[in-house]
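This is the structure I want to talk about, given as structure tokens.
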Amino acid sequence: MSLLLSEQGDARLALDPESGRNRYGCLPFPGPRRPAFGSATASTISPQAFEALKALHQRVGLAPGWVQAAECDRVRAEIATLCGADSVPGSEVVLAPSGTDVHLLAAQLCASDDPQGRRRPLEVVLSPTEETGNGVPAALRGLHYNDATPFQGPAPALGPLDGCRAASLRVLAGRRPDGRARPIAEVDAEARVLVEGALSSGADVLLVVSDLSKTGLVFPSPGLAADMVRRHGGSLTVLIDACQLRLGPAAVRGYLEAGCAVGVTGSKFATGPAFSGALLVPPALAGAWRERDLAPSLSAYSARADWPKGWRPRGSLTYTVNTGLLFRWQAALTEMRAFRLLDPAAVAGFFSAFAVAVGGRLAQDPAFGTLDLPAPPARPGGGDGWDQVPTLLPFVLKRGGSPLPLDPARALYKAIREGLGEIGQPVAVGGGGGSQPLGAFRMCSSMRLAVEALGPGGRGGDAVIAEALAFLGSIAALAGRAA
Ligand SMILES: Cc1ncc(COP(=O)(O)O)c(C=O)c1O
């Protein structure tokens, strides 16, 4: 059963033979309870989700591919409902092994020939690696990005995927070299220049908007993206990188209605096990993308049952179903359903209390330093209240009064994950002008923590917050001992 969770993913899911944990330090079964504030990166599966997997395993674990494929249809429909895509008629859901694969598929769908056989170069405007998945830039360029693939074992030399379109990248930074957030008007002005420059050179453009990024930023602004789709739709596709899924159904609906595709995962804020991705396709794009041919080499990553019925890309692919992905999404949906039952106003209250208490501790304790986190710019669909509140709180640890650079932060992260509990892994911040980047950790609230705080039989918000503060205390003590 547990092994199914690690199947048909990539090297990031492989279990270490000694510790039995994957690359993120997570066990493939619930394990002993411990602080779990690392949903920016990965979470250990919860007991409830594990029970749901056992039930699914009994039902279809040994069933033929077509039976499991029908379960994938159900999973796609549930993702649409729980994320808000079902309220936009004509939108569709494509499954992908991870958030990185969502980017891989989106770029290939943009880059395919249109019915006139028109081939234009593809330029992608995206955030820097430290604000998105490490493999995302390579995936967008049509390259193998990891040393193992879900279906065909080791990737051949991390080179290009046969027959996939190459893309060139233009990077748009959300932070200044000193780590401070750039004013959104400045980011938007640069985004406009990059996109319009690429369009006027005759390229198709994929603009990737972070909502939100690994350090908690939303950029360029969603309003700019929606405006540019209106002006340049056809040659310009917008992909909202919502792989953290720290936004509610109203925001997703707004994006889809504005003609933007939305990438989500069940493995971050939703606290399903790593990895599970989905591409939510707005009606405006679904009509064209359903007719695309994919390069058969994408069979290493994508299965037929990942795609809606009647979509041509299914015909390019070799394997029927990604069983591991089906199970990982089943676990994530268990968490998402429980979260959806909560009162959104109470959820907003809990997330605010969490952000105030944790943010306050990070700001006041000399062991920590906080990172700039501006309020997110407005989204086309507004919000659900709770998604205006920060649920991903980036911070640095200090040693001798100075913030820890990335490498020692990574070493400390390993010790925290092994000995204390789950926290978002350090990402590089700053580092301009030849200086070393800092390592920004992330303390996160999540769907599962909201259910623990507010759900039936829950332990209450105060208990969750007290655990978060005690966890920070243990981290400060560990960092002090390591000095
Ligand atoms: C903002 C963002 N986008 C994309 C990804 C990639 O998702 P995955 O890790 O599922 O490949 C991540 C991963 O952390 C992320 O934080």
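So, in region 424-447, exactly how many residues are surrounded by fewer than 24 Cβ atoms within 10 Å (Cβ to Cβ) and touching a helix residue (DSSP H, G or I) at 6+ places or on another chain (Cβ under 6 Å)?
Selection size over region 424-447: 4.
To continue, here is another question. Just wondering, is there one or more residues in region 149-164 that are surrounded by 14 or more Cβ atoms within 10 Å (Cβ to Cβ) and charged (D, E, K, R)?
Looking through region 149-164, none of the residues is surrounded by 14 or more Cβ atoms within 10 Å (Cβ to Cβ) and charged (D, E, K, R).
Looking at region 386-402 only, could you name the residues that are in contact with a Phe, Trp or Tyr (Cβ under 9 Å, 6 or more places away or on another chain) and not in a helix (DSSP H, G or I)?
If the condition is that a residue be in contact with a Phe, Trp or Tyr (Cβ under 9 Å, 6 or more places away or on another chain) and not in a helix (DSSP H, G or I), then 389, 390, 391, 392, 393, 394, 395, 396, 397, 398 are the ones that fit.
Inspect region 307-321 for any residue being crowded, with 22+ Cβ neighbours inside 10 Å and within 16 Å of the ligand (Cβ to nearest atom) and give the result as yes or no.
no
Something else about it: Could you please find all residues in region 129-148 being assigned to a loop (DSSP other than H, G, I, E, B) and crowded, with 18+ Cβ neighbours inside 10 Å?
Once the filter is applied, which keeps residues that are assigned to a loop (DSSP other than H, G, I, E, B) and crowded, with 18+ Cβ neighbours inside 10 Å, region 129-148 yields 132, 133, 135, 141, 142, 144, 145, 146.
Among (1) buried (at least 20 other Cβ atoms within 10 Å of the Cβ); (2) in contact with a Gly (Cβ under 7 Å, 6 or more places away or on another chain), there is one condition residue 342 misses while meeting the rest; what is its number?
(1)
What helices (runs of 4 or more DSSP H), lying completely within region 1-113, carry at least 2 residues that are within 15 Å of the ligand (Cβ to nearest atom)?
2-6, 99-111
Looking at region 372-383, is at least one residue outside the structural domain of residue 132 (by TED's automatic domain parsing) and not in a loop (DSSP other than H, G, I, E, B)?
Checked against the condition, which is being outside the structural domain of residue 132 (by TED's automatic domain parsing) and not in a loop (DSSP other than H, G, I, E, B), region 372-383 yields no hits at all.
Further question: Could you pull out the residue among 199, 207, 224, 236 that is in the same structural domain as residue 266 (by TED's automatic domain parsing) and within 16 Å of the ligand (Cβ to nearest atom)?
One residue alone meets the criteria, 207.
Right, here's the next one. Just to be sure before I move on: is residue 76 surrounded by fewer than 15 Cβ atoms within 10 Å (Cβ to Cβ), in contact (Cβ under 8 Å) with a residue 40 or more places away in the chain and either among the β-branched types (Val, Ile, Thr) or in contact with a strand residue (DSSP E or B) (Cβ under 8 Å, 6 or more places away or on another chain) (or both) in the structure I sent?
no
The values are calculated or read from the model by the stated rules, or taken from the named source; none is laboratory data. Nothing here was measured: the structure is a model prediction, and the numbers come from that model. Note: ideal-geometry Cβ built from the backbone for every residue, glycine included; neighbour counts use all protein chains shown.
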